[in-house]
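What follows is one structure encoded as structure tokens, with my remarks underneath.
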Amino acid sequence: MTLRSWNVRTGLVVLTWLVALVGVTIAGDAVPASHWLMIHLLGLGAASNAILIWSWYFTEAVLRLSHTESRRSQAARLLLFNAGAVTVVIGYGVVGAADGGVRGGTWWAILAGALTAGAAIAWHGVDLVRRIRSALPSRFGGMVRYYVASAVFLLVGVGFGATMTRGDLPGDWPERSAVAHAGLNIFGWVGITVVGTLVTLWPTILRTRMADGVERAAARALPVLCGAVTLLVVGALIGVLTVAAVGVAAYAAAVGYIAWSHADEVRRKKPTGFASLSVLAGVLWLLGGLVVLAVAYATAPDWVTAYERLNVLTTALLGGFLAQVLLGALSYLIPVVLGRKPSATQQSMRVLDLGGPLRVGAANAGLAVWALPGEGWPHRLAAAVAVAALASFIPLAVWSAVKALRPTETDGPRPRPTQRPGGVVLGALAAGVAAVVVAGAVGVAIDPASVGLTGGNQSGVVATGHTTTVQIGIAGMRFTPGRIVVPRGDRLVIELTNTGDQTHDLVMPTGARTPRLAPGDHAALDAGIVGTSMQGWCSLPGHRQMGMVLDVVVPEAPAQNTPSSTTPDRHGETADLAADPGPDFVAHDPRMPPLPAGRVHRITLDVRDVERQVAPGVTVTQWPYGTVDADGRYRGGAPGPTLRGRVGDRFEVTLVNSASMGHSIDFHAGSLAPDRPMRTIQPGESLNYTFTATRSGVWLYHCSTMPMATHIANGMFGAVIIDPPNLPDVDQEYVLVQSEVFLGGPDGTADPDKIAAEKPDLVVFNGYANQYDHRPLTARVGQRVRIWVLAAGPNRGTAFHVVGGQFDTVWKEGAYLLRPDGPRSGGSQVLDLAPAQGGFVELTFPEAGHYPFVTHAMVDAERGAHGVIAVSPAR
């Protein structure tokens, strides 16, 4: 493999991470843990790969070694590192976010990924040391020591990162670990690498000779930089903020000392191209961020505040410093290493420099607005301009590589980017800034409240004199409810109870906040007079990034004041899943109905419009299949009654439509032409539906009138269980039907927009959120328990799991997958069912206790698909 083809392939690795970063940035909150993903796709993905690739390249260059040696081991290191990085990103940013938090096997996956990436970094560092020892003395050999030092710091930083994701660190250790992790990775791994590389790369980009004193300054600064990072970490470990602040200040002084040694180079050759301007801007962001951070740490009253201040500087340190230095350096290196001849290099360089000053001006102005306190449309649009300016590097890099490898004939020499007149550069920079100003002005026009203009700000709104009080709980990494509606002008008081199993708090953009709440603790937060929608969050490290936010929605039109509640109206736009349904609550009977003695089963199902609760205080309108008892009382709710029989049994069902619109019924347990029995009947009509059960299974029945998803979502479903032959008796037998609830539709019915978007408010077993938390299923130690499960949808399947239990029998879609007397000796942890599929599992419990059952799609479990089996001692 030639050096050129090697550089193309490794460059694609960095480019892939950058593309993923841009995709997540554009998607924003639509992607779980988007903030965490953006940080790590840039830092752990693109930047770390670039450091591994180019630090080795520069090591070979300054030590005068062959660029073709050790290529296989370098490729293996890159593969190993990326395997670890991808595992961490998937484990924390994808699986952890979807599950509502890092737990159990997810954390072990993160740890495995961290160890794998760490092994690659250790290998890299050891090989660098070997290269230094085996090479002849070199003028710039000291630069390689920067790379060795940075690798050591990253190894420690990876350890802190894996530790802090556990989520169970006591006291202020989460914040202290986060501060140490950020310092080691940003200042130790990235910062020291950048400072060392720019010793030779910066004058090369400017095309001027190195200034006197640069080498001496670099040699003196390395011990100071290493000591400063060490001080920062020691301060975090011993819990003394002053020590950490001194470490940051010392680091800033060392970076400033080296930067000053390069000043003569800038005086002799002004930066005019994208590469030089971007790198210069990145270094200035680093210096400014270090000074602000040192002051922030020195004045912070505690580690919680210190971490929050570090979090505020994320845009400056990652977007301003890291992204700009990375893109600027690559803009110079790509043409140089890929160009087949000088003319090809020049063509490639001109492509990457297209609109260079304009892009730098727009990126930095946008980043500056993005980094300022506040939120709203001005910030969003400024951020969009910055992202567009930075992301333009990706298509230009591809085009540049093509030009370098396949140059075209030129019509003569053209000015280089370094020869651009100063006036042109300043004009282009100003144009970029102007683009951000225009975007900000548009944002202000859209959202004047975000900058304090009359009409939407919190202070300028007319108070109604009414107080809206809401009760908020916590489930996993979610506030419950996660969205509340408050009339404009009301005072908002939030009563937060930590019903989760970790420490949490709530911070509002107005500055109001609760203290840190341990599980079971309670606090009230006065958010003041509310005039515009806003979003609160949990300030513990990583929790906000994992989606722990609270949306406060203020309707555009003034709302009439109503009594305060977590459910703004009777149709329940929000649901407090932590609330107790009360002593009179009767759960849906989960017990399996007995097998009828006869072989012909006759039943009348009556469809009516009924109001029923689906969570505490949340009432909806449904159209379920119900029955009328001997006393003439109607009994109906989702799911409909469970029908049971054997293979060969005949079912004669009379469907009566007593509702306000047309409905139908479709029995999956029968095999027959659907034309007549599944037709829609109008209100007041009835039909007879007869079928013979020819195969065993857990079969769905549901309304098939279009739109079918809406009818199912409004409670029109149930189960038909046809026992498999020779089904043995068990001690306890239950039926659980999982379905989705979409709140906020017309007249209290399911919201069709949410159905189409597949965004349920609740996911429930047997029609009511968390009902078996309050009225558990029961069993005794040693008893065999069979649980039949049906995924009614309309859109989501289930991954049924009993926490603390293992299934020794699994029967799914008409066949045994596992039996205790079968050829397999293993067990099962999940019964996985797609929408409309069914099956059963069996298990015994080894000891008394409370065994939760959930769908292991944890975001759905936290929406209400959760219950408990209370196991008492054996008699």
Exercise. Stretched out fully, how many nm does the piece from THR654 to ILE603 gain, at 0.36 nm a residue minus the Cα gap?
Worked result: 17.7 nm
Exercise. Listing HIS850, HIS504 from the residue with the fewest other Cβ atoms within 10 Å to the one with the most, what is the order?
Worked result: HIS850, HIS504
Exercise. What size of dipole, in debye to the nearest 20, comes out for the chain about its Cα centre when the only charges are +1 on Lys and Arg C-beta atoms and -1 on Asp and Glu C-beta atoms?
Worked result: 4320 debye
Exercise. Using a Förster distance of 45 Å, how high is the FRET efficiency between ASP551 and ARG133, based on the Cβ-Cβ distance and rounded to 0.05?
Worked result: 0.20
Exercise. How many nm separate the modelled label positions at LEU727 and ASN688, each set 7 Å beyond the Cα in the direction of the Cβ?
Worked result: 2.8 nm
Exercise. Which entry is the computed Cα Rg over 2.2 N^0.38 Å for this structure: (i) 1.11; (ii) 1.41; (iii) 1.33?
Worked result: (i)
Exercise. How many nm separate the modelled label positions at ALA463 and ALA870, each set 7 Å beyond the Cα in the direction of the Cβ?
Worked result: 4.7 nm
For this session: Using the charge dipole of the range 169-338 (Lys, Arg: +1 at Cβ; Asp, Glu: -1 at Cβ; taken about the Cα centre), state which of LEU287, ILE186, ASN311 has its Cα farthest towards the positive end.
Result: LEU287
Exercise. Sorted by mean Cβ packing within 10 Å, highest first, what order do the peptides 860-869, 208-217 take?
Worked result: 860-869, 208-217
Problem set entry | Rounded, prolate or oblate (a/c below 1.5 giving rounded, otherwise prolate when a/b exceeds b/c) for the range 600-726 by Cα gyration tensor | prolate
Seminar exercise, completed: Taking the dipole of the range 467-553 about the Cα centre (Lys, Arg +1; Asp, Glu -1; charges at Cβ), the one of GLY473, GLY500, SER539 that reaches farthest to the positive side is SER539
Seminar exercise, completed: Percent relative contact order for the chain, counting Cα pairs under 8 Å at least six residues apart, stands at 7 percent
Exercise. Taking 0.36 nm per intervening residue step and subtracting the Cα-Cα distance, what contour gain separates LYS759 from ALA298 on full extension?
Worked result: 161.5 nm
For this session: State, as an integer percentage, the relative contact order of the range 621-724 based on alpha-carbon contacts under 8 Å between residues 6 or more apart.
Result: 36 percent
For this session: Please provide three numbers in whole Å: the alpha-carbon extents of the range 467-553 along the principal axes, with the largest listed first.
Result: 34, 23, 20
Problem set entry | Local electrostatic count, ARG784, Cβ distance below 11 Å [Lys/Arg +1, Asp/Glu -1] | -3
Problem set entry | lysines whose Cα lies under 29 Å from that of LYS759, excluding same-chain neighbours fewer than 8 positions away | LYS812
Exercise. Against the longest alpha carbon principal axis of the chain, how many degrees, from 0 to 90 and to the nearest 10, is the axis of helix 173-182 turned?
Worked result: 40 degrees
Problem set entry | ASP808, ASP580 arranged by Cβ crowding within 10 Å, fewest neighbours leading | ASP580, ASP808
Exercise. Which one of LEU429, ALA861, VAL144 is farthest out on the positive end of the charge dipole of the chain, using unit charges on Cβ (Lys, Arg +1; Asp, Glu -1) and the Cα centre as origin?
Worked result: VAL144
For this session: Compute the acute angle (0 to 90°) between the alpha-carbon long axis of helix 214-238 and the principal axis of greatest extent of the alpha-carbon atoms of the chain; round to the nearest 10°.
Result: 30 degrees
Exercise. Using a cut-off of 17 Å between alpha-carbon atoms, which lysines can reach LYS341, once sequence neighbours fewer than 8 places away in the same chain are excluded?
Worked result: LYS403
Problem set entry | Cα-based helix-to-principal-axis angle, 104-134 vs the chain, degrees rounded to 10 | 20 degrees
Exercise. The range 313-335 to the range 191-217: how many Å between their Cα centroids?
Worked result: 16 Å
Problem set entry | Using a Förster distance of 41 Å, the FRET efficiency for ASP212-VAL442 (Cβ separation, nearest 0.05) | 0.25
Problem set entry | Likely footprinting exposure, LYS341, LYS270, LYS403, LYS754, fewest C-beta neighbours within 10 Å first | LYS341, LYS270, LYS754, LYS403
Exercise. Which net charge results when you count Lys and Arg as +1 and Asp and Glu as -1 among the other residues whose beta-carbon is under 15 Å from that of GLU215?
Worked result: +2
For this session: Kindly work out what percent of the DSSP beta bridges joining two residues of the chain are antiparallel, to the nearest 5.
Result: 70 percent
Exercise. Label ARG591 and MET661 with points 7 Å out from Cα along Cα→Cβ: what is the distance between them in nm?
Worked result: 3.7 nm
Seminar exercise, completed: Between THR16 and MET708, the FRET efficiency computed from the C-beta separation at R0 = 45 Å comes out, to the nearest 0.05, as 0.65
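FYI, it's all coordinate maths here, none of it is from the lab. No experiment lies behind these values; they were computed from the predicted model shown. Note that each Cβ is placed from the backbone with ideal geometry, even for glycine, and that neighbours are counted across all protein chains shown.
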